[in-house]
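Nothing in this text is a laboratory measurement; each read-out follows from the coordinates by a stated rule. Keep in mind that this is a model prediction, so the values were computed, not measured. Don't worry about glycine lacking a Cβ; one is built from the backbone with ideal geometry, like all the others, and counts go over all protein chains shown.
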Amino acid sequence: MNESRKEETMKKIGFVFGVHLHQPVGNFEHIFKLATEDAYLPFLRAVRTYPFFKFALHISGPLWEYFERNYREVFDIIDELVERNQVELWGGGFYEPVLAVLPERDALGQIEMMTQFIEKRFGVRVYGIWLTERVWEPHLPSLLAKSGISYTVVDDYHFKSVGIIGDALFGYYTTENEGEQIKIFPISQILRYSIPFAKPSEPVEFLLGKATEWGERIAIYADDGEKFGLWPNTKKWVWEEGWFSAFMKLLDQNRETIEMLHFSEALERHKPRGTIYLPCASYFEMNEWTLPAELSQRYRELVEKFKSEGKFDELMPFLKGGFWRNFLVKYGESNRMHKIMLHLSDRLFHSSGALGKKKAGEITQTLYRAQCNCAYWHGVFGGLYLPHLREGVYQNLIECEQKLDNEFHKKEQDWAEGVELDFDFDNSPEFILRNRNISMYFKPSYGGALTTLFYKPLTWNLLDTLTRRFEGYHAIVRKLQSNQNESQVKTIHDIVTSKERNIEQHLHYDWYERLSLLDHFLGENSNIDSFKSATYWELGDFVNQPYMGEIVNDKSGLILTLSRQGAIWRTQKPSPLIVKKQVRLPKDADIITIDYEIENKGEERTFWFGTELNLALMSRDFPGRYFLVPGHSPERVSPGQIVAFANAGEVLLIDESRSFRLAIESDNEMDIWIFPVETISLSESGFERVYQETSVLFSFRFALQAGGVFRNRFKWVFSVD
């Protein structure tokens, strides 16, 4: 061996490796199974055969619970790996919440739940955590320190944004808040992008190139375990074509230089590189996704421009974008779930003493499940745009509310309570009406809208809807159409395709939120197609404008009155009128009545009034879920059909899978429009339409003299066989 080669073998670098496994609350059972069979078990079985390969492992609570029910082998392998000190188990929030946006009591509770689970099951105490979506905020050190946590990992982008670049990223740093200290490791973006996508030699050569005679450097890798078999084409690449075994072989061959370390060992053997204070941040791509759509598109264009000019690495520290909490502003649906969660957390906190430890613990776990992060945000793939993930959150929110209600009304057979409070913190009050089986949330400041309707016997939010918005990636959809001779177009993330031709024709954007009990005054040329595409002529100023509200609790139940003195605008001169809707929720029945009064305060004229209802039915074509309009054809209308009915008096919603029936009756004959609301987003197989909800418009044509009043009563009757 020549002298230069001998010197090279004297060099050393520490290498810490972490893997994060997660599936969301509400995800399909077959996805849990596929991920386990194609990624999680192959990875664990493989590392078991390489005892030299030390690594950290984080498994989220939903997966731990799934493995307990279905894959005891996972526990057996981890037991063996823990016994021989090959794996270091990470904690975190048990149900994978974004810790920064939880009440501190819930964040501490989620971390403690995971810590206790691991200690009880594997006999080890955790000192490091996986930080969900690597969402960092400056107050977290004190929170983590209170939980007994010593360290966490975030992306090196967090560090680059405050000037820590180059070789200064090969190690860990200390940080503090209010004098409470933790350590932070920066995840290498180079390693994150190359493992397992580059040739196995590339990350190994990178590590060898960063080794030094002093051996003071630590290279950090930590990322999703789904990359090892679940992501497109990775099962074949990683396992069938031997990427992982080749990577292990190269690491084994270079063990004199590349020293596999646990994160805890790195803390013991290496001193921190310094003290750091990180800004609010997540991984780099999240910066784009959190921005408003137009800025998101521009941000991506700038990133592509800088990459093509070879300036990206230089400019990356200065590219900030948004931060995670922006999702709560960008998507009203996300904010609504989050604020209902906060409201229930507050109710639980102030009730825990009266509930007793056992009952409070049961309700707390249900609340924690509703805090799983995935349905609260949207990047390019899924998340908030997947109805079944939102449903998973709402099922737990409803169960939490139901358990709280049952405890505090257990001595009452029939009850109803109304609450007025600014639960979403927009400086305008909301109203909550609830009885044993139904909860309704109203937003007077936005059209007097019904935003949320819980039918508690089925833990179902019938109004779990989504508004069609422009997203930055929609520009790519249109680009696909403009390149019809090409089947693929590159984005910053990968090559994308469309799952159907001419998909851009289904891009429609709503100018108002898809809520319910929204009050429309239609122009004469309106029809179901223009209403569906949100291009119809709206004459009124009621849909998204503020209403006055008042709630009364009488002997029979609750009465909420919402009213607005507005106008319709056929010309530049407004024609004033008053819309009043009175909602009654009784104590003793699953019935809602809604009384409308429309008073003409202007000259005699004709009106075309409609009230809109949007129903979350999960599937456009599920055979046991349909509408019936008695006496009209077609006999059954699936949630995905576009159908108009004239002169109807009633519509029924049937869900055979839930043995559920909702009858909506009207005093006056009405026209009914039924159509699906679909969004376009990206899945792993390309751009696709996603069914979000079915919109139903009940409309009436009438003439009113000056001072005349139109009245109509709707009765909603809920039943479960």
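The table below gives the values:
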quantity: Vicinal HN-Hα couplings computed from phi for region 634-648 (Karplus, 6.51 cos²θ - 1.76 cosθ + 1.60; Hz; Gly/Pro x); calculated: x, 5, 10, 10, 6, x, x, 7, 10, 9, 10, 10, 10, 6, 9
quantity: For region 364-439 versus region 126-143, the gap between their alpha-carbon centres in whole angstrom; calculated: 26
quantity: Fraction of antiparallel bridges per DSSP, region 9-282 only, in percent to nearest 5; calculated: 20
quantity: Residue-by-residue Karplus 3J(HN,Hα) for region 681-691, coefficients 6.51, -1.76, 1.60, Hz, glycine and proline x; calculated: 9, 9, 10, 5, 10, x, 5, 8, 7, 10, 5
quantity: Separation in nanometres of the label points that stand 7 Å from Cα toward Cβ, at residue 505 and residue 548; calculated: 4.9
quantity: Length-normalised contact order of region 508-720 in % [C-alpha pairs under 8 Å, at least 6 apart]; calculated: 21
quantity: Total charge dipole magnitude, region 9-282, about the Cα centre, Cβ charges on Lys, Arg, Asp, Glu only, Debye to nearest 20; calculated: 500
quantity: Projected label distance in nm at residue 176 and residue 408, using a 7 Å step from Cα toward the beta-carbon; calculated: 4.1
quantity: Cα-centred dipole magnitude for region 652-702, charges only on beta-carbon of K, R (+1) and D, E (-1), debye, nearest 20; calculated: 20
quantity: Sequence ranges 67-73, 99-105, 397-403, ranked by mean other-Cβ count within 10 angstrom, highest first; calculated: 397-403, 99-105, 67-73
quantity: Along principal axes, Cα extents of region 158-269, largest first, whole Å; calculated: 50, 33, 24
quantity: Top positive-direction residue, dipole computed over the chain with Cβ charges, set 473, 250, 508; calculated: 250
quantity: Net lengthening on full extension, residue 49/residue 415 (0.36 nm per residue, minus Cα-Cα); calculated: 125.6 nm
quantity: Distance cut-off 36 Å, percentage of C-alpha pairs in region 9-282 lying past it; calculated: 10
quantity: Label-point gap, in nm, between residue 425 and residue 264 - each point 7 angstrom along Cα→Cβ; calculated: 3.6
quantity: Per principal axis, descending, Cα span of the chain in whole Å; calculated: 103, 66, 46
quantity: Length-normalised contact order of region 504-571 in % [C-alpha pairs under 8 Å, at least 6 apart]; calculated: 28
quantity: Total charge dipole magnitude, the chain, about the Cα centre, Cβ charges on Lys, Arg, Asp, Glu only, Debye to nearest 20; calculated: 320
quantity: FRET efficiency for residue 346 and residue 656, using Cβ-Cβ distance with R0 set to 30 Å, rounded to 0.05; calculated: 0.20
quantity: Placed amide H near residue 98: partners under 5 Å, 5+ positions off or other chain; calculated: 373
quantity: Restricting region 582-691 to trypsin sites (Lys or Arg not before Pro) in coil, as DSSP defines it, with at most 16 other Cβ within 10 Å; calculated: 601, 636
quantity: Listed residue (386, 449, 557) projecting farthest to the positive dipole end of the chain, Cβ model; calculated: 386
quantity: Whole-number percent relative contact order across the chain, with pairs defined as alpha carbons under 8 Å at least 6 apart; calculated: 10
quantity: Pair-distance profile P(r), taking every C-alpha pair of region 508-720, with 10 angstrom steps and integer %; calculated: 8, 31, 35, 20, 5, 0
quantity: Region 97-214, Cα convex hull volume normalised per residue, Å³; calculated: 150
quantity: Two-site FRET efficiency, residue 311 against residue 275, from Cβ-Cβ distance with R₀ of 35 Å, rounded to 0.05; calculated: 0.70
quantity: DSSP H segments from the chain that extend 20 Å or more along their own axis, Cα-based, with Kyte-Doolittle mean of -1.0 or above; calculated: 104-122, 332-355, 387-408
quantity: Mean Cβ count within 10 Å, highest first, over the residues of peptides 12-18, 667-673; calculated: 12-18, 667-673
quantity: Furthest towards positive pole of dipole, 348, 398, 654, structure part the chain, Cβ charges; calculated: 348
quantity: Descending semi-axes in whole angstrom, ellipsoid equivalent of region 557-658, from the Cα gyration tensor; calculated: 32, 21, 12
